[in-house]
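Chemist: Sharing a structure with you now.
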Amino acid sequence: MKTCPACHRAVPDHATVCPHAGCGQPLAAPSGGAKKRPPPPGKVQLTTTAVQPTPGTSTATAADDSRRGPLATIALLLLLFLLVGGVYYAAVLSKSPSPGPVAAAPADSATAPDAQASKGDGAASKDRDAKAADGDTEPLAKEPPSAEENMVAPPELKELAPIDEKTETDVAAATPSQPLGLYSERTRPDRETWITGVGGTPVSETAVAAGLDWLSRHQAEDGHWGPDCLGAGGSCCEKAHPCDGGGLPFEAALTGLALLAFQAGGHYDFNDRPNSDRVRRGLDWLVARQGPNGELVGSTNQLGNPPTYDQHYMYEHAIGTFALAEACAVARAAGRHPDEKYHAAATKAIEFLESQQHNDGGWRYTPDKWSASDASVSGWAMLALKTAKEADLPVQDATLTRMLAFFKQLSDPLTGRTHYQGVTYVSDATTGVGMMVDEFVKHEPDSELVHLASSYLADQAEGQWGGAAKQPSDHYLWYNCTLAMFMAGGDNWDRWNKVVRDYIVSLQLHGENCNRGSWEPHDDHWGSIGGRVYTTALGVLTLEVYYRFAREKAVETAEAPK
C-alpha cells in the first residue's frame, strides 16, 4: 500500500490514479512488481540476534519478539548450570565417609523382627541373608539414608559418583537383630534379675547349668547322644566313675532332646554362645543320619528300600524333627536365613512326618494308617509341626486340620483331661499335651479345656509330690505338663510350679562322680527305656520353662501395632 499525496489516504501500490471519491489525483507508476512475503522458515531456531517483524506485523509485536529470544536462551542456560552444579555437589557428598543405605532397625525391638520371623510372612524376611548379632544384644537403630545418598547421577556425570559395591546381602547383614516373639526370653539379658518374677529361682538356674554341663560332657565326637556315650570303655564318661543307665539305642530321639535343651537356653548354631558348637555338631549328625525318605531314626532301625522301623520310630522321628525345625525357627526369629542344610533336612523331615499321619489324624508306633493313634506320639508330632510353621517350613493345612480333629476326640470337656487312646487315661502327660494343642496350635490359652485341666493338674501336683510321701518321678509327665501349665499361667500355675520345680531340683545328682548334674533314670517311669540322657534332657527342659517360650499374651502384646 502507498499514500495519495493529495488526500493522504492509502491506495494500492499498483494504482496510477487515486480511487477515492472527490480526489482522482494522478499517482506515480510503480517501479516494480508487488512485494511478496518471504516464505516461512523450515524450522524454528533460537538466535541471539533480533527477529525482524514480518510484513503486516505491528512494530510493538516485533519488538516483543526480539526480546523474547535472548531471554529464553538465558533462562535455559541458567537451568542447565543449576542442574550440573547440583549433580556435582551430590557427587562430592557421596565421597564422604558416610554409611551406606542400611535398613533402619525398628525403634521398638520387641515388634518388627518377630512379625517377619515367627509368622514367616513377607518377601523381605525370605530374601534377607542377615548375619544377625547375638541374641543378648539390643538392636542398634540405624539412621535412614539421606536424600543425597539416594541420588543417582545422570549418565554423563557417572564418573563423579562412585558406585557403592556393597551387595543387598551385605546391607542386610549389617542390621543386628535378636530372636523375638515366642523365643524372646531365651536370650533376654540379666536373666537372674527377672526369672523370679515368672517362677524360676537362682537354685533352678544352677540346676540348669549343671544339667547342660553333664550333657556337654557326654556328647559323642560325631555329635550324637546315646547309650554308647555312657559307661566304661570307649564312652565319654570319666574313667574312674563312669555313668550307668544308658537306656536303649534311640540316638535320634536322645540327640533331639539334648539339642532342644541347649536351644531352650539360647545356645544356637549361629550365635557363638558357649555351647553353640555342640549344637552345630548335633544338628550335623541328624542331617548326616537322615534316611532317604526324610526319616530321623536311631540304630535300631534299618534304612533301605523298604526300610524296617523299630516300634518307637515315630517318637524318634518327631523329636528329631522338632529339634531341626527349631534350629530353623530361631534363625528366622533372629532375622536371618537358617543354615541351608538344616532347612533342607527339616523340610524333608516334615514331609515324612506328614506321610506317616494315620487316617484318624494322629500318629502311632506303626506305619499302618488304619491303626488307632495315641496322644503321646501325636504330641511330639504336634510340637514338631507347630515349630515348622514358626520356621516357615511347608506344612499342609489338611495335616493340621486332621490333627486338631484327632485331639478333639480325645479331650474330655467335663474334666479338661486328654485321653491317651480312645477313652483310656494312661498318664496325665497327655493332659498336658491336650492343653498345648489349644495353646500352641489353636492359640487359645484361655480355653475352657485349659482352665479345667490346669485346675486338675495343680491338685495332682500337690497330692502326689507336695507331701512327705512322694510318688516316683515321671520326667515325661513333668515336662509336658509344666510347659502347658506355664503357658496357662495364673494361680494354678503357681501351685504346680512351686511343687514340681523344687522336687525336680531336689532329685538332681551332685558330688564328684561323672554323673553329677544328671537325673537318675532308675526310679523314673520311663527311665529304663530312655536312659540318663533322656531324664537329664527332660529335667533341664522342665526347669528352662520360664524362658523357653514367651506366653501367648506376651507375644501378642509385643506384636501389637503402636
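Chemist: Roughly to the nearest percent, how much of the accessible area of the range 383-427 is carbon and sulfur, given a 1.4 Å probe? Kindly include the intermediate steps, with their values, before the conclusion.
Modeler: Values: 1260 of 2160 Å².
Carbon and sulfur together cover 58 percent of it.
Chemist: Related question: So how exposed is S216, as accessible area in Å² (1.4 Å probe, rounded to 10)?
Modeler: Number for this one is 10 Å².
Chemist: Please calculate how many Å² of accessible area the range 449-548 carries per residue, with a 1.4 Å probe and no DNA, RNA or ligand atoms counted.
Modeler: 35 Å²
Chemist: Which distance in nm do the two modelled labels at I529 and A344 give, with both placed 7 Å along the Cα-to-Cβ direction?
Modeler: 3.5 nm
Chemist: In addition: In percent, what relative contact order does the range 385-537 have, based on Cα pairs under 8 Å that are 6 or more apart in sequence? Before the final figure, lay out each step's value.
Modeler: Numbers: 183 pairs, mean separation 26.4, N = 153.
RCO, the range 385-537: 17 percent.
Chemist: Please give the length that would be gained between A15 and D491 if that part of the chain were fully extended, namely 0.36 nm times their separation in residues minus their C-alpha to C-alpha distance (nm, one decimal).
Modeler: Numbers: separation 476, 0.36 × 476 = 171.36 nm, distance 12.22 nm.
Length gained between A15 and D491: 159.1 nm.
Chemist: Sticking with this one: Would you please put 332-342, 229-239 in order of how densely packed they are, using the mean number of other Cβ atoms within 10 angstrom per residue and starting with the highest? All intermediate terms of the calculation are to be shown ahead of the outcome.
Modeler: On the way: 332-342: 21.7, 229-239: 15.8.
Per-residue mean Cβ counts within 10 Å order the peptides as 332-342, 229-239.
Chemist: I'd like the carbon and sulfur percentage of the solvent accessible area for the range 178-247, probe radius 1.4 Å, heavy atoms only, ligands and nucleic acids excluded.
Modeler: Values: 1560 of 2810 Å².
Looking at the range 178-247 in its full context, I get 56 percent from C and S.
Chemist: I350: net charge of surrounding residues, Cβ under 13 Å, Lys/Arg +1, Asp/Glu -1, itself excluded?
Modeler: Details: positive: K348, K386, K389; negative: E295, E326, E351, E354, E390, D392.
Net local charge, I350 excluded: -3.
Chemist: Another question, then. When only alpha-carbon atoms are used, what values of Rg and Dmax, in angstrom, describe the range 221-271?
Modeler: Cα radius of gyration and Dmax of the range 221-271 are 12.5, 35 Å respectively.
Chemist: Grab the Cα-Cα distance for W370 and T201, subtract it from 0.36 nm times how many residues apart they are, and report the gain in nm with one decimal.
Modeler: Contour length minus the Cα-Cα distance gives 56.1 nm.
Chemist: Going by accessible area, probe 1.4 Å, with all protein chains left in place, what is the ranking of I350, I529, largest first?
Modeler: Working: I350 0, I529 60 Å².
Of I350, I529, the descending order of accessible area is I529, I350.
Chemist: Next question, about the same structure. What part of the accessible area of the range 312-357, given as a whole %, is carbon or sulfur when the probe is 1.4 angstrom? Before the final figure, lay out each step's value.
Modeler: Numbers: 500 of 960 Å².
Taking all protein chains in place, the range 312-357 shows 52 percent carbon and sulfur surface.
Chemist: Where Lys and Arg each count +1 and Asp and Glu each count -1, what net charge lies around L449 among other residues with Cβ under 12 Å from its Cβ?
Modeler: Working: positive: K408, R417, K442; negative: D412, D438, E439, E444, D446, E448.
Once all neighbours under 12 Å are counted, the net charge is -3.
Chemist: Next question, about the same structure. Given R₀ = 45 Å, what would the calculated FRET efficiency be for T401 paired with H510, taking r from the Cβ atoms and rounding to 0.05?
Modeler: On the way: r = 48 Å, r/R0 = 1.07.
In this case the efficiency is close to 0.40.
Chemist: Hey, another quick one. Could I have the simple spin-label model distance between D446 and A240, label points 7 Å from Cα toward Cβ, reported in nm to one decimal?
Modeler: Going by the 7 Å Cα→Cβ label model, 5.8 nm.
Chemist: Can you give the net charge of the other residues whose Cβ lies under 11 Å from the Cβ of T321, counting K and R as +1 and D and E as -1?
Modeler: Neighbourhood net charge equals -4.
Chemist: Rounded, prolate or oblate: which fits the range 191-241, taking a ≥ b ≥ c as square roots of the Cα gyration tensor eigenvalues, rounded meaning a/c under 1.5, else prolate when a/b beats b/c? Please list the in-between numbers first.
Modeler: Working: a/c = 4.45, a/b = 2.81, b/c = 1.58.
Prolate, because a/c is 1.5 or more and a/b exceeds b/c.
The values are calculated or read from the model by the stated rules, or taken from the named source; none is laboratory data. Being a predicted model, the structure only gives us computed values, none of them experimental. In this analysis, Cβ positions are derived from the backbone assuming ideal geometry, glycine residues included, and neighbour counts consider all displayed protein chains. The protein model used for the area step is the full one, side chains on, heavy atoms only, and it has no ligands, DNA or RNA in it. Shrake-Rupley method; radii C 1.70, N 1.55, O 1.52, S 1.80 Å.
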